[in-house]
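Notes to accompany the following structure.
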Amino acid sequence: MMLRRGFILFIPRLVVLLVVACCSVSIVYMLACTPKGDNQQLALPRVHSPTAKEGYEAILQEREEQHRNYIISLKKQIAQLKAELQGRSEQLKNMQDQYPDPLDIRLDHSNPEKTQANLLAFLRSQIDKAEVHSGVKLSTEYAAVPFESFTLQKVYQLETGLTRHPEEKPVRKDKRDELIEVIELAVGSLNNPEGDGNAKHRVYTASDFIEGIYRTEKDKGTLYELTFKGDTKHQFKKVVLFRPFGPVMKVKNENVNMADTLINVIVPLAKRASKFRQFMQNFREMGIQQDGRIHLTVVYFGKEQMNEVKSILENTSKSANFKNFTFIQLNEEFSRGKGLDIGARFWKGNNVVLFFCDVDIYFTADFLNSCRLNTQPGKKVFYPVLFSQYNPNIIYGHHDSIPSLEQQLIIKKETGFWRDFGFGMTCQYRSDFINIGGFDLDIKGWGGEDVHLYRKYLHSNLIVIRTPVRGLFHLWHEKQCLDELTPEQYKMCMQSKAMNEASHGQLGMLVFKQEIETHLHRQKLNSKKT
């Protein structure tokens, strides 16, 4: 295939070479036919000289011979170039016959317009086959192809391995060039909108780019969705591009106005009043003060610490002049799935974006916009991968003091990990949640209900946006795995508990702490002896 492409690329170059050669020979011919300067002209016989006639005849014969030689030389060069071109064409034809194109897209030099049309049809068919316009039914949660996100400076990636980081500048040149090209094409698309040639509009630059997400389906191409600043605070420009293993093709260019898009944050809760106080501090700053288009629904199980939780909620309401909240109390055993399901169905207003959240989650105002931008009724649901914080007592154990919460929330390999095994935090329109059937209410306690809902969406025709986000954090807390859990739930709980503590390197330092101290002691004794 690579050899065939090499011949395809060589043909235009050979034609150009032939044209250049012909032009060069023509120039030489013109120069040769141009009369020479006074000092270089042949000595012409005098008019009255007896040898005048013979002299003119000799000069003309000499010039004619020179022209004849030039013509013969030109014909030989043209014949050689034609023979070489014919040979290359035959080699290319043999390659095409030996390796036929499965899509029957061949280079037909006699009909280049047909070849171009076939190629364009193939590229557009790649868009139709990829998961761009509609979702594809998938068999398991592992079959979904996740998105990765990027800004002008950083890439936020899931597959880190042992050398890559969850947040890093693109190290590989091809990845840098790929993302730069996509941003430039998106900016060009915004500055040259189709069907709006005479209308005045603002000039967009790369500085207007907010963030993008992309994913590659290995047999189809790469899908890019880029978000830019709009004309007002709550307006955005969204550009969708697709690279079908060839030139990037614009899918659509649309205005996205989120000024009136309300998010209903639903939090199931039992006890944990101190954690709820911390959550409300974050909710007040990011949700009420910075975003302002938000509703809070708290579904509380039992009565223990309920008055304290209600007091925290009411104090926030008074101090922030915030009335958009609902408190639902249930006298039964805690069930996360049931709490979220009841909170979602309790809403009686217009279709709203639901953000299923936990009390130990920290989010930013930027994340709330990502929640809006990546959901669409009847089309898209958003499953962000949040960044989970390690135990601060281990991470900062060698420091004089533990930094403030805001200083701890940085995305580094040493501070946490992408919680790609969790599906509990999700954004979707209420209509999609109701139509999909909601949560399985037979699941009790901790774990399992979120995966069940996630699988429902994967089995539907909705597009599931799965991507790491830089504005959603799981705050560390000591996890208790209760004896009442089923064996499968208990196993999931213990795995989550182990991963929450620290990185492999930090846990290794704890495991081998005695060995390290013994080594340091021996080193100290040896230094004293010497």
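The values are calculated or read from the model by the stated rules, or taken from the named source; none is laboratory data. Nothing here was measured: the structure is a model prediction, and the numbers come from that model. Calculation scope for accessible area: heavy atoms of the full protein, side chains included, ligands and nucleic acids excluded. Shrake-Rupley method; radii C 1.70, N 1.55, O 1.52, S 1.80 Å.
For L262, the residues whose amide H sits under 5 Å from its own are V353, ignoring neighbours fewer than 5 places away on the same chain, with H placed 1.01 Å from N. Taking all protein chains as they are arranged and a probe of 1.4 Å, the heavy atoms of T326 leave approximately 30 Å² accessible to solvent.
Straight-line cross-link partners of K137 among the aspartates and glutamates, defined as a Cα under 19 Å from its Cα and at least 8 positions apart when in the same chain: D128, E217, D219, D432, D450. Computed from backbone phi, the HN-Hα couplings of segment 127-139 come to 5, 5, 7, 6, 8, 10, 8, 8, x, 10, 5, 10, 7 Hz, rounded to whole numbers (Karplus: 6.51 cos²θ - 1.76 cosθ + 1.60, θ = phi - 60°; Gly and Pro given as x).
Give me the percent of accessible area attributable to carbon and sulfur for segment 341-427, probe 1.4 angstrom. Here carbon and sulfur together make up 50 percent of the probe-accessible area.
Accessible area, 1.4 Å probe, largest first: how do S401, S73 sort?
Largest accessible area first, the list is S401, S73.
Each listed q (0.08, 0.12, 0.13 Å⁻¹) maps to a log10 I(q)/I(0) for segment 263-508, found by the Debye formula over equal Cα scatterers with no solvent: -0.30, -0.70, -0.83. Phi angles of segment 287-298 translate, via the Karplus equation with coefficients 6.51, -1.76, 1.60 and θ = phi - 60°, into HN-Hα couplings of x, 7, 6, 8, 8, x, 10, 8, 10, 10, 10, 10 Hz per residue; Gly and Pro are given as x. Normalised by the number of residues in segment 263-508, the mean separation of alpha-carbon contacts (under 8 Å, six or more apart) gives a relative contact order of 24 percent. Taking amide H as placed 1.01 Å from N in the peptide plane, the amide H of T297 sits under 5 Å from that of V265, I266, V267, T326, each at least 5 places away or on another chain. Shown in residue order for segment 66-71 are the 3J(HN,Hα) couplings computed by the Karplus curve 6.51 cos²θ - 1.76 cosθ + 1.60 at θ = phi - 60°: 4, 4, 4, 5, 4, 4 Hz (x for Gly and Pro). Cα-Cα over 23 Å: which of K169/K412; K173/K379; K413/K456? Exceeds cut-off: K173/K379; K413/K456. Given a 1.4 Å probe and the protein chains as shown, I342 ends up with an accessible area of around 50 Å². Amide H contacts of K380 (H built 1.01 Å from N, in plane; Pro and chain starts excluded): I463 sit under 5 Å, all sequence-distant by 5 or more or on other chains.
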